[in-house]
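Just below is one structure, and these are the notes that go with it.
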Amino acid sequence: MKIENLGAGVFTIDNFLSKQECERYINISEDKIYDLATINAIAGPEINKEIRHNDRVIFDDVELANMLFQRARACLPASLHGW
């Protein structure tokens, strides 16, 4: 895996998922309901298509989250600007 630092604490991990894994996760997501993505505003979540104009799906899968975190762990910084 190759890490590319984009600045401001943002980075990508090339080849983090295999092609088969990508296809599997896309298929899982397509069985869910996509909603308009919100932004976090002072008054709470809101839809603002000038800032964020995509749909998203959110679902909880503790086992999948743990597996992905363990895979990414070696690539993650120990801290990020005091967090």
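For the chain, the dipole from Cβ point charges (+1 on Lys and Arg, -1 on Asp and Glu) about the Cα centre works out to 300 debye, to the nearest 20. Pairs of Cα atoms nearer than 8 Å and 6+ residues apart set the relative contact order; for the chain it is 21 percent.
Looking at the chain, which GluC sites (Glu not before Pro) are DSSP coil and have at most 13 other C-beta atoms within 10 Å of their C-beta? Sparse-neighbourhood loop GluC sites (Glu not before Pro): Glu50. Computed per residue of the chain from DSSP H runs no shorter than four, each worth -39500 (n - 2.57), the mean residue ellipticity at 222 nm is -8500 deg cm²/dmol.
Spin-label model, Ile47/Glu4: points 7 Å from Cα along the beta carbon direction are separated by 3.2 nm. The fraction of Cα-Cα pairs per 10 angstrom bin, counted from 0 for the chain, comes to 13, 31, 42, 14, 0 percent, rounded to whole percents. Remark on the range 15-54: hydrodynamic radius 12.4 angstrom, per the Kirkwood mean of 1/r across alpha carbon pairs. Using the Karplus relation 6.51 cos²θ - 1.76 cosθ + 1.60 with θ = phi - 60°, the per-residue 3J(HN,Hα) values for the range 20-31 come to 5, 5, 4, 4, 4, 5, 5, 4, 4, 5, 5, 7 Hz, with x marking Gly and Pro. Only lysines eight or more places from Lys32 in sequence, or on another chain, were considered; those with a Cα closer than 23 Å are Lys19, Lys49. For the range 10-18, 3J(HN,Hα) computed residue by residue from phi via the Karplus equation (6.51, -1.76, 1.60; θ = phi - 60°) reads 9, 8, 10, 10, 5, 6, 5, 10, 6 Hz, glycine and proline entered as x.
FYI, it's all coordinate maths here, none of it is from the lab. Since this is a predicted model, take the numbers as computed values, not measurements. Every residue, glycine as well, gets a Cβ built from its backbone with ideal geometry; the counts of neighbours run over all protein chains shown.
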